[in-house]
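The block underneath contains the structure these notes are about, expressed in C-alpha cells.
The values are calculated or read from the model by the stated rules, or taken from the named source; none is laboratory data. These numbers were taken from a predicted model, which means no experiment stands behind them. All Cβ positions, even for glycine, are placed from backbone atoms using ideal geometry, and neighbour counts span all protein chains on display. To get the accessible areas, we keep the full protein, side chains included, count just its heavy atoms, and leave off ligands, DNA and RNA. Shrake-Rupley method; radii C 1.70, N 1.55, O 1.52, S 1.80 Å.
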Amino acid sequence: MRNITIHLPKRLEIGAGASARVGQIVEAERIFVLATPHTAVFAQKLGLTGQITVFDDLPGEPDIACLEAALAAARAARPDLVVGLGGGSAMDVAKLVAALWDGDQTLAEVAGPNKVAGRRTALVQVATTAGTGSEAGIRALITDPGAGAKIAVESPHLIADLAVLDPVLTFSVPPAVTAATGIDAMAHCVEAFTNINAHPVIDGFARMGIDLVGRFLKRAVQDGTDTEAREGMMLASFYGGICLGPVNTAAGHALAYPLGTLLHLPHGLANAIIFPHMLAFNESSVPDKTAEVAAALGLSGDLAKAAHRFCEDLGVEMRLSAHGATEDQLPRFAADAHAIRRLMNNNPREMSVEDVLAIYRAAF
Ligand SMILES: [Fe+2]
C-alpha cells in the first residue's frame with residue numbers, strides 16, 4: 001500500500017443551524033468574507049461581531065484578475081479572519097487570499113504543490129453548495145484565461161481552521177444546480193474510487209459519498225428544504241473533497257475542464273454531462289468498483305444509458321449542443337482535455353485523443 005497524507009480542517013461544525021455559531025467559535029476583529037452576489041446575505045448570519053468586509057464580485061469560475069481584485073480588497077481591509085462563504089469559487093479564492101494577502105508571494109510563485117510559504121490569517125470555510133468539497137481540502141483552482149487552463153495551488157497552509165456544513169444554507173440552491181453540483185460531488189468520489197492511485201482509506205470515504213448521493217440527491221432536487229437530504233448531500237460533497245486530496249480525480253474531470261474554460265459551462269454541469277460516458281468507458285478496467293457504483297445509484301441494464309438517465313431524470317440538460325457547443329469545437333476540447341496529464345494519467349483505462357473526441361461526440 002502506498003503512503004498517503006490526509007489534511008482535514010482543524011474543526012468541523014456539521015448540522016442545521018451550525019453556521020450561526022461561527023462567531024462563538026472564532027474571535028476576530030476584522031473579517032474579510034469572500035462571497036457571491038447570492039451568498040453575501042449569509043455573512044450577517046454567522047454570529048460575527050467584528051468589522052465585516054464582504055467581497056462578492058466572484059464569478060462561477062474565478063480567474064487571475066478576480067483573485068488580484070480580491071487580494072487588493074483584502075490588503076485594504078487587513079483581516080485577521082478570512083471567510084469563504086459560497087461554493088468552490090468563494091472557498092478557493094478565500095484559501096489564496098488568507099495565505100497571500102499579507103505576504104509577497106505571487107500566484108505564479110505558489111502554483112503547484114507545496115509552494116505557499118505560510119499563513120498568518122485564520123481561515124473559516126462555510127459551504128453554501130453541496131458539490132465541490134473545497135472546504136475539506138488544501139487545493140485552490142484559478143482559471144488562467146490566457147492559457148485556457150486551470151492553475152492548481154496545493155498546500156497544507158490552505159486548510160481551514162474551521163469548516164461549516166450547514167444544510168440550511170443550501171435550501172435556496174435551485175434544482176438544476178443542486179443536481180449538477182451533486183453529480184460533481186459524486187464524480188469526485190467515483191473518479192478517486194476507480195483511480196489508478198486508489199487507496200483503501202479513500203475508497204471508504206468514496207463509498208460513503210456515492211451511497212449518500214444514491215439515497216439523497218433526488219430528494220434534494222425535488223424538495224430543496226428537505227433537511228435530511230440536503231445534509232446527506234453536504235456530507236457527500238465533503239467526502240468527495242477528502243477524496244480529492246490524496247487521490248484526486250481522473251479523466252472525467254479532465255474532459256469537463258475544457259467545457260468550463262472554452263464553453264463557460266458551470267463546473268458541476270460540465271461534470272454531470274461527462275459522468276455517464278466516463279463511467280461506461282472505464283467499466284472494463286474497473287468492473288467490480290463500477291458495479292458497486294451502479295448498485296449504489298440504483299442503475300440497472302445498459303450502464304451508459306442508465307447513468308445518462310440518472311442524470312437526465314434529475315433535470316440536467318445533457319446535450320452539449322443544447323449548451324451552445326458547435327461540432328467544430330469538439331476537436332479543440334479533445335486536444336485540451338487529453339493534454340491535462342495530471343488527471344488523465346490517473347485514469348484506470350488509457351485514453352487516446354480519439355477516445356476523448358468520441359465521448360464529446362456522444363455527448364453532443
Ligand atoms: Fe469537480
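Please enumerate the residues belonging to the stretch 60-85 that are open to solvent by 60 Å² or more (accessible area, probe 1.4 Å) and part of a loop (DSSP other than H, G, I, E, B). Correct list: Gly60, Arg78.
Name the pairs: first residue in the stretch 241-259 and touching a residue at least 60 places away in the same chain (Cβ under 8 Å), second residue within 11 Å of the ligand (Cβ to nearest atom) and hydroxyl-bearing (Ser, Thr, Tyr), Cβ to Cβ under 8 Å, at least 6 apart or on different chains? Pairs found: Gly241/Thr132; Gly241/Ser134.
Can you spot a residue in the stretch 137-151 that is hydrophobic (A, V, I, L, M, F, W, C) and within 25 Å of Ala229 (Cα to Cα)?
Residues of the stretch 137-151 that are hydrophobic (A, V, I, L, M, F, W, C), as a first pass: 138, 140-142, 147, 149, 151.
Narrowing further to those that are within 25 Å of Ala229 (Cα to Cα): none.
There is no residue in the stretch 137-151 that is hydrophobic (A, V, I, L, M, F, W, C) and within 25 Å of Ala229 (Cα to Cα).
Residue pairs whose Cβ atoms lie under 6 Å apart, separated by 6 or more positions or on different chains, with the first residue in the stretch 27-38 and within 11 Å of Ala90 (Cα to Cα) and the second in a strand (DSSP E or B) and open to solvent by less than 10 Å² (accessible area, probe 1.4 Å), are Val33/Val83; Val33/Leu85; Leu34/Gly84; Ala35/Leu85; Ala35/Gly86; Thr36/Gly86.
Helices (runs of 4 or more DSSP H) fully within the stretch 299-364 that include at least 1 residues being over 23 Å from the mean Cα position of the chain (by Cα): 303-313, 330-339, 353-363. Restricted to the stretch 129-143, and to residues there that are open to solvent by 10 Å² or more (accessible area, probe 1.4 Å) and part of a loop (DSSP other than H, G, I, E, B), the residue that is farthest from the ligand (Cβ to nearest atom) is Ile138.
Do we find a residue being β-branched (Val, Ile, Thr), more than 12 Å from the ligand (Cβ to nearest atom), over 18 Å from Phe364 (Cβ atoms) and open to solvent by less than 20 Å² (accessible area, probe 1.4 Å) anywhere in the stretch 286-303? Yes - at least one qualifying residue is present in the stretch 286-303. Identify, from the list Val213, Val221, Val201, the residue that is at pLDDT 95 or above, among the hydrophobic types (A, V, I, L, M, F, W, C), away from the ligand (no atom under 16 Å from the Cβ) and crowded, with 23+ Cβ neighbours inside 10 Å. Step by step, each of Val213, Val221, Val201 is checked, and only Val221 is at pLDDT 95 or above, among the hydrophobic types (A, V, I, L, M, F, W, C), away from the ligand (no atom under 16 Å from the Cβ) and crowded, with 23+ Cβ neighbours inside 10 Å.
Evaluating Pro246 against the criteria (1) away from the ligand (no atom under 14 Å from the Cβ); (2) at pLDDT 95 or above; (3) open to solvent by less than 40 Å² (accessible area, probe 1.4 Å) leaves one unmet condition, (2). Can Ala163 be described as outside any loop (DSSP other than H, G, I, E, B) and in contact with a strand residue (DSSP E or B) (Cβ under 6 Å, 6 or more places away or on another chain)? So Ala163 fits the description; yes.
Scanning the stretch 87-124 for residues that are in a loop (DSSP other than H, G, I, E, B) and either open to solvent by 20 Å² or more (accessible area, probe 1.4 Å) or farther than 25 Å from Ser172 by Cβ (or both) yields a count of 15.
For the stretch 260-285, which positions are assigned to a helix (DSSP H, G or I) and away from the ligand (no atom under 12 Å from the Cβ)? Spell out the reasoning first.
Going residue by residue through the stretch 260-285, those that are assigned to a helix (DSSP H, G or I) are 260-261, 267-282.
Thr261, Ile273, Pro276, His277, Met278, Leu279, Ala280, Phe281, Asn282, listed by residue number.
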